[in-house]
Amino acid sequence: MRKFFGTSVVAISAAAMLALAGCGSGRDGDSGSSGEAAKGFAANSLIGVALPAKTSENWVLAGDLFTNGLKEAGFQGDVQYAGASTTVADQQAQITAMVTKGAKVIVIGATDAAQLSTQVAAAHAAGVKVIAYDRLITNTPDLDYYVAFDNFKVGQLQGQALLDGMKAKKPNGPYNIELFSGSPDDNNAGVFFDGAMSVLKPAIDKGDVVVASGQKDVKQTAIQGWKAEGAQARMDQLLTSTYGSKELDGVLSPNDTLARAILTSVKGAGKPTPIVTGQDSEVESVKSIVAGEQYMTINKDTRNLVKETINMVKALQAGNTPQVNDTKSYNNGSKVVDTFLLPPVAVTKANAAEAYANDPKLAPLTK
Amino acid sequence: MSRLKDLQKNLFGGTTSNARQFGMIFTLVAIVLIFQVWTNGLTLRSDNLIALFQQNSYILILAIGMLMVIVAGHIDLSVGSVAAFAGILVAKSMTEWDLPWPVAILFGLAIGAIIGAWQGFWVAYVGVPAFIVTLAGMLLFRGGNQFIGNANTIPVPEGFREIGSGFLPEFGPNTGYNNATLLLGLAAAVAVVWRELRARNTRRAMDADPAPMWVSILRMAIMVGVIAFATLRFASGRVGTSFPISGIILLVLVIAYSFYTRNTAGGRHIYAVGGNSRAAELSGVKLKRVNFFVMMNMSVLAALAGMIFVARSAASGPQDGNGWELDAIAAVFIGGAAVAGGIGTISGSIVGGLVMAVLNNGLQLEGVGTDKVQIIKGLVLLLAVAIDVYNKSQGRFSIIGSLMRPFRRDDPAAPVSPPDAEREPAKAAVSG
């Protein structure tokens, strides 16, 4: 009985397994070899675009431009945003789903630049080309291209504008300033800050410019997740702790969302408006600049960036090598990534009308 | 007794808890099939199945611990923060203190145990409600994560990544499949058949009527068929991919914890405490010890889930763990646990978690945005529980009620049967 029992267990299960194994199709093997990629792919292929959560106008605009631009170019676009709270896990799942669906190129605006290497590797293994959009994906040898604005230059422009703005308002220093930087998990935040400090540091060393709170380290100045409420809270605290009697002349802010939060905080405390920098040319900030509140922003025309990215996709589709203009500077920790850099433009009240002349949404605001 | 009645009574009905899983599993299968058709076969393709398990194993691991916490009548809001806190410490321990990765995993589990002991102490011995203790823990350990990591993203070494993104190895002759996965599947099939035959022998030994032989064979055929299908899917992934290691960790935990909660005195004490803590205490259950254990256990599993996520992401980041507690809690309630405690099963929670996971995955394959996915998931959670509550209060026959009944342990042991027009009136009278 016992023997029969054991034998029948194995026999029944093995028979069933074998029966089903007979119907199986075997494994997929190495799909999408590099040789195939070199020849390009079908003109109506699926192109995946994975963007971070909709925390700034810029990403919403980019998503719309990708949707329309890919459609015009004849591709099937699949544009996805990460959710508001579970950003990294969402983006990982979205990229994997795009690979499953058979996307030929995946464009990624990373929500955390260091946490996507597994998904990028899976895409690469499936023969998918991966383009990092605006944010460099780090610690992966499988990233193909990077397209972005020159972010060090962005920081330099911000630093220079801050100095110019303060000088124009009050001819002689020393000037009291405070520093803000972006989210520490965004590779660009450090680059902006370093760019700005490359301009500000000599002035600080000379004593012309004083960071009155003493908070100069990027870890002290960082605003997690680029969140406006974080910047506002930090500014509130700085005003209370440091600017009871002192005058605040300028604030280095890495982008417009934070700049407006900083201005809100200063206004709430009843202090005079300092020189505040920004970036991204968001509608509210352009209005603020025209009204004389925020001092400057950076125009990184998202249209151009999306256009360049779609040009890369088109080149890959035709089997050509996409055009790049920097093959040395962007090391992601595993390799130097071929990069196409676009130049940013500094915008103040003085040149706003000229800078936004071609922008259907912003041009009317400057008139 | 007609053959149909035999089938009703014995295939998935009867009173064995094994058979009672049918309802929820039926829902899961329906969702899978709907998406399989809607996505033109992408849902069940091997690469998608593999990704599905890799993406959700950490949430399902959390759901195991959360089920026990909820059954005991508590809640744990801190799991995401605990996971992130353990994740950053483990990442730092490897990159900065050069701990070898197996030691780092033990270190991570130890951190989970220490945090769990801290939270368990407040819940069990001081008597602060778990909601408050873990709300505090949520802030405490999220802050701890940012403090230790300086809100940076810290990469982890290759070996460690295996627990989150690794697969069963390739070895042996080229069969066109991953041999390790085939062996695993064969083992699972043998286990299923062995269990069925042993159950028959036990019933015979107890002089009880075993189910008719043909029903047993049908049941075995269905289960072995499902296992064989899944095995072949996982084994036929792209070379280098197969059944994920995080899936193995999950399987081991599910089996171990299912056994613990179902078949051991310690596990049954958790249900007793959740059902009626005073009565349990008076019957000799060590209330404090049970409460301490479930809270501590939850944090250990949270630390494990955090490590698996970090391993899969190849780095520990400041946003790790955001919102995980809600996913885990949703899985447990969709899986039929009661808010008041005392009711729920591990396997129900896993199936509940898989329902959410398949929904998420299928909608993403269809290119539905995360905004809409969140809306749909929210509605599914609300409706699944609401329809059940409503129908129960009306005393009507409810499909979901009968689907969920397998997970309600306080129910009288009325035999569960598939909805059947002929039997419906009788049923309504019984449950009314």
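The values are calculated or read from the model by the stated rules, or taken from the named source; none is laboratory data. What you are looking at is a predicted structure, and each value in this text was computed from that prediction instead of being measured. Positions of Cβ are backbone-derived with ideal geometry, glycine not excepted, and every protein chain shown enters the neighbour counts. We work out accessible area using only protein heavy atoms, side chains counted, and drop any ligands, DNA or RNA first. Shrake-Rupley method; radii C 1.70, N 1.55, O 1.52, S 1.80 Å.
Points worth noting:
- q = 0.12 Å⁻¹, the range B:105-226: log10 I(q)/I(0) [Debye, one scatterer per Cα]: -0.85
- The alpha-carbon atoms of the range B:76-144, seen along their principal axes, cover 40, 20, 13 angstrom, with the largest extent given first.
- Euclidean distance between Cα centres, the range B:291-354 to the range A:279-353, Å: 41
- Using the Cα coordinates of the range B:48-114, the gyration tensor eigenvalues translate into equivalent-ellipsoid semi-axes of 25, 18, 9 Å, sorted from longest to shortest.
- With the charge dipole of the protein assembly as shown set up from +1 on Lys and Arg Cβ and -1 on Asp and Glu Cβ about the Cα centre, the Cα lying farthest toward the positive end among the listed residues A:Asn58, B:Gly41, B:Gly143 is that of B:Gly41.
- Per-residue [θ]222 nm for chain A (sum of -39500 (n - 2.57) over DSSP H runs n ≥ 4, rounded to 500): -14500 deg cm²/dmol
- With all protein chains modelled, accessible area of B:Leu326 [1.4 Å, Å²]: 110
- The percentage of C-alpha pairs in the range A:189-279 whose separation is greater than 17 Å is 47%.
- Beta bridges assigned by DSSP with both partners in the protein assembly as shown are antiparallel in approximately 20 percent of cases.
- FRET efficiency for the B:Ile376 to B:Ile222 pair, using the beta carbon distance and R₀ = 45 Å, is estimated at 0.90.
- The mean number of partner chain beta-carbon atoms within 10 angstrom of a residue's beta-carbon across peptide B:190-197 is 5.
- Geometric extent, Cα atoms of the range B:30-187 - Rg, Dmax (angstrom): 19.8, 60
- Taken over the range A:114-201, the ratio of Cα radius of gyration to 2.2 N^0.38 Å equals 1.50.
- Listed by chain and number, the aspartates and glutamates whose alpha-carbon sits under 15 Å from that of A:Lys361, ignoring those within fewer than 8 places in the same chain, are A:Glu57, A:Asp64, A:Asp280, A:Glu282, A:Glu284, A:Asp301.
- Near B:Ala84, once Lys and Arg are set to +1 and Asp and Glu to -1 for all other residues with Cβ below 10 Å from its Cβ, the sum equals 0.
- Here the Karplus curve 6.51 cos²θ - 1.76 cosθ + 1.60, taken at θ = phi - 60°, turns the phi angles of the range B:262-271 into couplings of 9, 10, 10, 4, x, x, 5, 4, 4, 5 Hz, with x standing for Gly and Pro.
- Partner lysines for A:Lys328 [C-alpha distance under 28 Å; skip if fewer than 8 residues away on the same chain]: A:Lys39, A:Lys104, A:Lys129, A:Lys153, A:Lys201, A:Lys219, A:Lys300, A:Lys307, A:Lys314
- Rolling a 1.4 Å probe over the protein heavy atoms leaves B:Met223 with an accessible area of roughly 70 Å².
- Within 10 Å of each Cβ in A:224-231, the average number of Cβ atoms from other chains: 1
- As a calculated quantity, the FRET efficiency between B:Phe131 and B:Ile255 at R0 = 25 Å, using C-beta atoms, amounts to about 0.25.
- Where a label projected 7 Å from the Cα of B:Lys288 along Cα→Cβ would reach, residues of the range B:56-81 with amide N under 18 Å: none
- The value given for the range B:168-243 is a Kirkwood hydrodynamic radius of 13.8 Å, derived from the mean inverse Cα-Cα separation.
- Test item: B:229-237 mean partner chain Cβ contacts at 10 Å: 3
- Remark: the range A:245-367 projects, on average over all directions, an area of 10.6 nm² (convex hull of Cα atoms).
- Partners for A:Lys271 among aspartates and glutamates (Cα-Cα distance below 17 Å; same-chain residues under 8 apart left out): A:Glu178, A:Asp236, A:Glu247, A:Asp249, A:Glu293
- Highest-fluctuation residue, A:Asn172, A:Asn188, A:Asn58 considered, GNM on chain A with Cα pairs under 10 Å: A:Asn172
- Sorted into 5 angstrom bins from 0, the C-alpha pair distances of the range A:111-260 split as 2, 9, 17, 19, 17, 12, 8, 6, 5, 3, 2, 1, 0 percent.
- With all protein chains modelled, accessible area of B:Trp194 [1.4 Å, Å²]: 110
- Stokes-Einstein D in µm²/s, Kirkwood radius over Cα pairs - chain A at 25 °C with 0.890 mPa s viscosity: 108
- With Rh defined as the Kirkwood radius, the inverse of the mean 1/r over Cα pairs, the Rg/Rh of the range B:207-269 is 1.14.
- Estimated vicinal HN-Hα couplings, Hz - the range B:275-285 in sequence order (Karplus 6.51, -1.76, 1.60; Gly, Pro = x): x, 7, 5, 5, 4, 5, 5, 5, 8, x, 6
- If you bin all the Cα-Cα distances of the protein assembly as shown at 10 Å, starting from zero, the percentages per bin are 2, 12, 20, 22, 19, 12, 7, 3, 1, 0, 0.
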